[in-house]
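J.: Quick one: the structure is below, questions incoming.
The values are calculated or read from the model by the stated rules, or taken from the named source; none is laboratory data. What you see is a predicted model; the values in this text were computed from it and never measured. Don't worry about glycine lacking a Cβ; one is built from the backbone with ideal geometry, like all the others, and counts go over all protein chains shown. Note: areas computed on protein heavy atoms with side chains; ligands, DNA, RNA excluded. Shrake-Rupley method; radii C 1.70, N 1.55, O 1.52, S 1.80 Å.
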Amino acid sequence: NKGRQTWEYDPAAGTPEQRAEAERLREEFTANKDKHHHSGDELLRLQSADRIRAKKHSPPSGPVPDAPDAERVEEHLKGAISFYECLQQEDGHFPGDYGGPMFLLPGLVITLYTCGALDQIFSPAHKKEALRYLHNHQNEDGGFGLHIEGGSTMFGTGLNYVMARLLGLAAEEPLCVKAREWMHARGGATYITSWGKFWLAVLGVYSWDGMNPLTPEMWLLPHNKWTGIGMLHPGRFWCHCRMVYLPMSYVYGKRGTCQETPLTAAIRQELYPMPYGRVDWNAARNQCAKEDLYYPHPLVQDILWWALYKAENVLQGSWLRRAALAECMKHIHYEDENTRYVDIGPVNKVINMLACWLEEPGGKAFQKHLPRVHDYLWVAEDGLKMQGYNGSQLWDTSFAVQAIAEAGLLQVSGHCLRKAHEYVEQSQVIEEAAAPLSAYYRHISKGAWPFSSRDHGWPISDCSSEGLKAALTLALLPEELVGPAISPERLYDCVNVILSYQNRDGGMATYENTRSFHWLEILNPAETFGDIIVDYSYVECTSACITALCSFRKQHPGHRAAEIAASLKRAEAFIRSIQRKDGSWYGSWGVCFTYACWFGATGLAALGHTYANDEALRRCAAFLADKQRADGGWGESYLSCQDKVYSHLEGDSHVVNTAWAMLALMAVGYHKVDPEPLRRGAVFLMRMQQPSGDWPQQHISGVFNRNCMITYANYRNIFPIWALGHFRRLVLLGEEEIKI
Ligand code: LAN
């Protein structure tokens, strides 16, 4: 249970002053919602208010000088670390808001409503907070976005409209009226994306005939690649795609639908500009609002869906369908059991729960799902949301360890590092998932680190690498301060996993190897997401593996040395091959070129390349230097991710982008050429620091599938600490190489 994050409603919690303060923070958010779409996770900070008040260090007051000395920076760092430590939990991890996507909570509410369990999970307080969230994130034009910063989409609007109604909001309420107008002006909910069609069909407010088929029989295809068709088997898909379409196709194959209620009958009539009985469902299959369309269907897909649509007449009720559904259920139960009912992500969590209920209403599996719903819910001053994962615990904690250790101020940070060490130790995956792995298309996990917690347990290449780097960093620090190091055998297991991740192209993908071809993307039916079918090699994952292997071989030069050297060579070639002409890298998991440049640069730098001796790094540094702004910082907009072209933020620069850019420049040794941009960046970070030692939550920093953004609340603390710590030692104190 280490790392488990749940919010409980306790009306008597805290002092009356704290409760009043919480209400004030909520009202303040709502009053300012147009200015900043983000919660600053103020409720979490309120929970830690006593510790924050009692902390020993605060940043110096008074204006930050233009040329701060090492002592001044040190004071800012001490303030930042003491503050951040106040948020650390007993088990050592750092919690934070991992919301952002707007399409997750509605699926949960629809499922719970369908299964008759809504009131079991959603107390009146939950409903109130979920509705608060909707009010806070409805766009000016009445619609809802795909994520909290995005413009309105049919997917966001249709689903959040339905959720508002299920949570008790009347159709005449302004929120509903405005959302409905937004939808009707664009043809109504038949123009929702395929995932939206799915959810509406489950609720019984959209016809299954209006869906392109999610043929469960695809799970019965041969998997062997020599058969040719085996390349299309879902076992070769990116695990997130596979795990979402698995229960989706079960529910589709069974046409699992909510029993009609007066409320669902009413919603049916509200979603479309024409009476429900007059909707042309066959035409609706391929309708999609232009606001939602990121990846339009290629023609072959439309032909394929048409053929499978026809095939449904034969397949439904056949023995083949029964066999396919049984196969799906086998994989669903496996996933549930092996993640302790957390599941790999928020979408399959909810649909697996629905599938279990359809198989056996009120059965054991469904009952085991319910308590694990809370792992995904998060409450902040903007309301209650469903997070993109069951948290980012290990990921944030491993970065925090590296950042805080880099500052070198062990007298301030020793205790915090000791606790973080415990979390890193306790979250490493020490057992494989249930055998036989290959029958369930699972990669090895023993020795890996997950993104969140051991209970979740799915291995990831870069989480393993960051976990390993954190462990190696801590192993170099005095045991009396940070606790005992993780045993070499466990680190060897991790190295084994990392090496296993290398793809034929030399790079590393996320959870598994690349198992099929990029052209399969033509089958991507999710109009709002790009590149979801296959797990590709990424600069972030590859660089994280490089830096981890480099750190590892410094401490354990004898272990699998030849294999590591060979792997590094190929990984380097991969990173170089995907650098853009302008010197940048495109980021797939953070915003965006700045994030990826940090990975590209640190990866090559770890292999001994520098600004002085490497042309690729000179180009990368020139790219970044060119993007620095008048306030001394860097600020990149999320639009970079969807457009794949660098896009500046409006307004202030962003502390997280600034830190990434500085870390990249320092990694390549740019300070030896020109320390000035780094000094200006550091001054920007110090000026943005708040009197508490915290930094403000600015625009959204994370992304997935090109088009959907996700909040990383911890980044605003971790990366400024890291960049300032590195700057102080490398640039101001002139340390040649920073080891810890
Ligand atoms: C994540 C979160 C972590 C992230 C990193 C480790 C940062 C990255 O380097 C590799 C990819 C990974 C593991 C990742 C992949 C996509 C995820 C799982 C997410 C962004 C969190 C949520 C997202 C998931 C797909 C959301 C559910 C939506 C679907 C389209 C299924």
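J.: How big is the gap, in Å, between the Cα center of region 38-108 and the Cα center of region 196-267?
T.: The two parts, judged by their Cα centres, are 42 Å apart.
J.: Between Ala12 and Ile522, what is the label-point separation in nm under the 7 Å Cα-to-beta-carbon projection?
T.: 6.6
J.: Based on the Cβ-Cβ distance from Ala323 to Tyr440, what FRET efficiency comes out when R0 is 22 Å, to the nearest 0.05?
T.: On the way: r = 17 Å, r/R0 = 0.79.
Given R0 = 22 Å and the Cβ-Cβ separation, E is 0.80.
J.: Right, next: In what sequence, largest accessible area first, do Ile444, Ile303, Ile229 appear using a 1.4 Å probe? Kindly include the intermediate steps, with their values, before the conclusion.
T.: Working: Ile444 50, Ile303 95, Ile229 75 Å².
In descending accessible area the options line up as Ile303, Ile229, Ile444.
J.: Ala562 to Leu221: FRET efficiency via 1/(1 + (r/R0)^6), r the Cβ-Cβ distance, R0 41 Å, to the nearest 0.05?
T.: Values: r = 39 Å, r/R0 = 0.95.
With R0 = 41 Å, the Cβ-Cβ based efficiency is 0.60.
J.: Give me the log10 of I(q) over I(0) for region 231-276 at q = 0.13 Å⁻¹, as the Debye formula computes it from C-alpha points; what are the numbers?
T.: -0.53
J.: Net charge near Pro273, counting Lys/Arg +1 and Asp/Glu -1 over other residues with Cβ under 15 Å of its Cβ?
T.: Numbers: positive: Arg180, Arg186, Arg268, Arg278; negative: Glu181, Glu270, Asp280.
Once all neighbours under 15 Å are counted, the net charge is +1.
J.: Extension gain Lys581-Glu431, at 0.36 nm per residue separation less the Cα-Cα distance, in nm?
T.: So the extension gain works out to 49.7 nm.
J.: Could I ask something else about it? In Å², and per residue, what accessible area does the chain have when probed at 1.4 Å with the other protein chains present? Can you show the working numbers first?
T.: Details: 26330 Å² over 740 residues.
For the chain, the solvent-accessible area averages 36 Å² per residue.
J.: Another question, if that's okay. In region 176-190, which residues have a backbone nitrogen under 13 Å from the label point lying 7 Å from Lys290's Cα in the Cα-to-Cβ direction?
T.: 186-187
J.: Determine the distance separating the Cα centre of region 649-701 from the Cα centre of region 469-520; give it in Å without decimals.
T.: 28
J.: Dividing the alpha-carbon Rg of region 406-468 by 2.2 N^0.38 Å yields what?
T.: Values: Rg = 14.7 Å, N = 63, 2.2 N^0.38 = 10.6 Å.
Rg over 2.2 N^0.38 Å, computed on Cα atoms: 1.38.
J.: Under a point spin-label approximation (7 Å from Cα along Cα-to-Cβ), what is the Arg278-Ile303 distance to one decimal in nm?
T.: Between Arg278 and Ile303, the label points sit 3.6 nm apart.
J.: Run the 1.4 Å probe and let me know the accessible area of Arg679, rounded to the nearest 10 Å².
T.: Counting only protein heavy atoms, the figure is 60 Å².
J.: Answer rounded, prolate or oblate for region 585-689, using the Cα gyration tensor with square roots of eigenvalues a ≥ b ≥ c: rounded when a/c is under 1.5, else prolate when a/b is larger than b/c, else oblate. Write out the running numbers ahead of the final one.
T.: Numbers: a/c = 2.00, a/b = 1.19, b/c = 1.69.
Oblate, because a/c is 1.5 or more while a/b does not exceed b/c.
J.: Using a 1.4 Å probe on the protein chains only, how many percent of the accessible area of the chain belongs to carbon and sulfur? Display every interim value, and only then the final one.
T.: Numbers: 14240 of 26330 Å².
Summing carbon and sulfur atoms, their accessible area is 54 percent of the total for the chain.
J.: Continuing with the same structure: If each of Ile229 and His36 carries a label point 7 Å out from its Cα toward its Cβ, how far apart are those two points in nm?
T.: Between Ile229 and His36, the label points sit 5.6 nm apart.
J.: Additional query: Pairs of Cα atoms under 8 Å, at least six residues apart: use those to get the relative contact order of region 155-303, whole percent. Can you show the working numbers first?
T.: Working: 148 pairs, mean separation 49.0, N = 149.
Taking the mean separation of contacting Cα pairs over the length of region 155-303, I get 33 percent.
J.: Taking the Kirkwood radius as the inverse of the mean 1/r across Cα pairs, report the Rg/Rh of the chain.
T.: On the way: Rg = 25.3 Å, Rh = 26.5 Å.
Taking Rg over the Kirkwood Rh, I get 0.96.
J.: Next question, about the same structure. Which aspartates and glutamates, on any chain, are close to Lys128 with Cα under 15 Å apart, when same-chain ones fewer than 8 places away are left out?
T.: Lys128 reaches Glu8, Asp10, Glu23, Glu27, Asp119, Glu173, Glu381, Asp382.
J.: I would also like to ask the following. Let me have the relative contact order for region 441-599, percent, based on Cα pairs under 8 Å that are six or more residues apart.
T.: Working: 228 pairs, mean separation 35.0, N = 159.
Relative contact order here is 22 percent.
J.: Which of the lysines could a cross-linker bridge to Lys419, judged by Cα under 22 Å and excluding same-chain residues fewer than eight apart?
T.: Lys2, Lys55, Lys56, Lys78, Lys469, Lys739
J.: Can I ask one more? At a Förster distance of 41 Å, what's the computed FRET efficiency of Ala573 paired with Gln269, Cβ-Cβ distance as r, to 0.05? Let's see the in-between values first.
T.: On the way: r = 60 Å, r/R0 = 1.45.
With a Förster radius of 41 Å, E is 0.10.
J.: Next up: Keeping to pairs on different chains or 8 or more places apart, tell me how many lysine pairs in region 272-418 have Cα atoms under 28 Å apart.
T.: Value for region 272-418: 11.
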